[in-house]
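No lab work stands behind these numbers, since they all come straight from the coordinates. Just so it is clear, the structure is predicted and the values come from calculations on it, not from any experiment. All Cβ positions, glycine included, derive from the backbone under ideal geometry; neighbour counts span all protein chains shown.
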Amino acid sequence: MRAVLGELIGWFGDPAHWTGPTGVPQRLLEHLGYTALALACALVIALPIGALVGHTGRGGFLLVGLANGLRALPTLGLLTVVVLLAGVGLLPPIAALTVLAVPPVLAGTYAGVRAVDPAVVDAARGMGMREHQVLLRVELPNALPIIFGGVRSAALQIVATATVAAYVAMGGLGRYVIDGLAQLDYPQVLAGAVLVAALAVVLDAAFAGVQRVVSPAGARRSRRGRAGRVSAVRATEPGGTPG
Amino acid sequence: MSWLARNWPHILDLVRQHLELAGVPLLAGLLLSVPLGWLANRSVAARGLLLSVSGVLYTIPSLALLVVLPAVIGTKILNPVNVMVALTVYTIALLVRSVTDALGSVPTHVVSAADAMGFRPLRRFLTVELPLAVPVVVAGLRVAAVSNISLVSVGALIGVGGLGELFTDGFQLQFLTPIVVGIVGSVLLALLADAVLLVAGRALTPWERGARRAG
């Protein structure tokens, strides 16, 4: 353990690992770039669908089932199949990452909109709001904390899968792990793992912070920050499990 | 199809390995989460600590956890134990919260009634609180089972991955069939495990049946 720790510190202390196209800053930027890109694609797809299904209440069963089914999809299998079919390059792996990020956002948005107090929605209608106003001004703002819980899960899922994606020739921090394994260079493997884990933890904390900030004052007391990720996980479970 | 027929024994072998790699951690995780959840439900400090530690553990990407474990527990990198320990960690991280919530939601009057009937704390926990916690715990267990089964495949990158080996083999040979077989097999296993746990959960809570029909 101590020897490994020494080697790890040695790896991080080597200035060669901090510059150039294989340096830590470059790999970190790549990893963040993939994450942002795939998350943006997932939001564009999942937010409108989740909001619409949540608002109308139609197709909820199908959506929850789909989100659950997609969670059973092995990430490495999806990545390898997409890259074999569509070729190497940035787009195929990003598409695979997007596929994995859609279910949590979808489930979070749906659950968030459904969880809005029906009395509040009724009041909005009673005030003469049109359906789109009810959705955009009442349901979505109130659903924000749970939606953000879903976005947070999606971001973590992407960060984790982007690491695995190094196997199918993507850049990012996973390169250190995959290359290190291939070269039997354990300190490099470990350095990559530590960097990825740190990135995930920091990103999660950042999302938790944003989640707290976007919570409307009224919703804040019932759903405080940290619970978001778990509530999004729960939201994708089929219903009917009384607490 | 002919590939499937030719490699059937090998695939069955991988399925068995896959189930073992996902199932042992599920069981170990469950057995460890019950006392941890009990603890978290009794003391506010333990609850805060356990829930935040499991939150952090749950955020660590699987590949990172898999390759760090040899340094932490002193195993060889190709040892299947690494995969099992990693999945046990995730299972616990998920279930501690389920168990805590489930035990916390047992109505106080039920606990008081058990006390009044002269149940000692251990017996009350095992025969009253734990059974009432089953539905929520099973819900968590189902999520853990599905996620374990899909995560096992990542182990293929360190040489122990059940059906995941079909992904790395297929990718290296540029051969689609094994990958598709692996994906379908893995998804089927996950759905099967989910269904088995659902049925088991219902069988364990016969008193919920009437409520389900009524509600």
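Starting at the first residue of segment B:140-146, write each ³J(HN,Hα) from the Karplus equation 6.51 cos²θ - 1.76 cosθ + 1.60 with θ = phi - 60°, in whole Hz, x for Gly and Pro.
After applying 6.51 cos²θ - 1.76 cosθ + 1.60, I find x, 4, 5, 4, 5, 5, 4 Hz.
Given the rule -39500 (n - 2.57) for each run of at least 4 DSSP H residues, summed and divided by the residues of the protein assembly as shown, what is its mean residue ellipticity at 222 nm, to the nearest 500 deg cm²/dmol?
Dividing the helical sum by the residues of the protein assembly as shown leaves -25500 deg cm²/dmol.
Angle, helix B:164-173 long axis vs. longest principal axis of chain B, Cα atoms, 0 to 90°, nearest 10?
20
Using the crude model of +1 on Lys and Arg Cβ and -1 on Asp and Glu Cβ, and no other charge, please compute the dipole size for the protein assembly as shown relative to its Cα centre, in debye to 20.
1420
How large is ³J(HN,Hα) for each residue in segment B:200-209, as worked out from phi by the Karplus curve 6.51 cos²θ - 1.76 cosθ + 1.60 (θ = phi - 60°), to whole Hz, x for Gly and Pro?
4, x, 5, 5, 7, 10, x, 5, 7, 4
What's the ranking of B:155-165, B:116-126, A:60-70 by average number of surrounding C-beta atoms within 10 Å, highest first?
For the peptides B:155-165, B:116-126, A:60-70, the packing ranking is B:155-165, A:60-70, B:116-126.
Counting only other chains, and only Cβ atoms inside 10 Å, what mean value do you get across the residues of A:62-69?
For peptide A:62-69, the averaged partner shielding equals 1.
In debye, nearest 20, what is the charge dipole magnitude of segment B:2-205 about its Cα centre with +1 on Lys and Arg Cβ and -1 on Asp and Glu Cβ, if you could check?
Charge dipole of segment B:2-205: 460 debye, to the nearest 20.
Provide a whole-number value for the mean count of partner chain Cβ atoms within 10 Å of the Cβ atoms in peptide A:177-184.
2
Using Cα atoms only, what is the angle between the long axis of helix B:62-73 and the major principal axis of chain B, expressed in degrees (0 to 90) to the nearest 10?
The angle comes out near 80 degrees.
What is the distance in Å between the Cα centres of segment B:7-24 and segment B:129-178?
11
If we sort A:4-10, A:203-209, B:82-88, B:54-60 on the protection proxy, mean other Cβ atoms within 10 Å, highest first, what's the order?
My ranking of the peptides, most packed first, is B:82-88, B:54-60, A:203-209, A:4-10.
On average, how many beta carbons from a partner chain sit within 10 Å of the beta carbon of a residue in A:187-196?
Per residue, the average neighbour count from other chains is 4.
Taking the Cα centre of chain A as origin and charging only Cβ (+1 Lys, Arg; -1 Asp, Glu), how large is the dipole, in debye to the nearest 20?
For this selection, approximately 880 debye.
Quick check on packing: order B:93-104, A:177-188 by the mean number of other C-beta atoms within 10 Å, highest mean leading.
The packing order, highest mean first, is B:93-104, A:177-188.
Work out the FRET efficiency for B:SER105 and B:VAL53 from their Cβ-Cβ distance, taking R0 = 22 Å, and round it to the nearest 0.05.
0.50
How big is D, in µm² s⁻¹, for the protein assembly as shown by Stokes-Einstein at 20 °C and 1.002 mPa s if Rh is the Kirkwood radius over C-alpha pairs?
The diffusion coefficient I find is 92 µm²/s.
Between B:LYS76 and A:ALA119, how many nm apart are label points set 7 Å from Cα along the C-beta direction?
6.5
Could you tell me which helices of chain A pass both thresholds, a Cα extent of 20 Å or more along their own axis and a mean Kyte-Doolittle hydropathy of at least 0.0, with helices taken as whole DSSP H runs?
Counting only whole DSSP H runs, the qualifying helices are A:24-56, A:91-114, A:140-164, A:186-214.
Using the charge dipole of chain A (Lys, Arg: +1 at Cβ; Asp, Glu: -1 at Cβ; taken about the Cα centre), state which of A:ALA40, A:GLY209, A:HIS17 has its Cα farthest towards the positive end.
It is A:GLY209.
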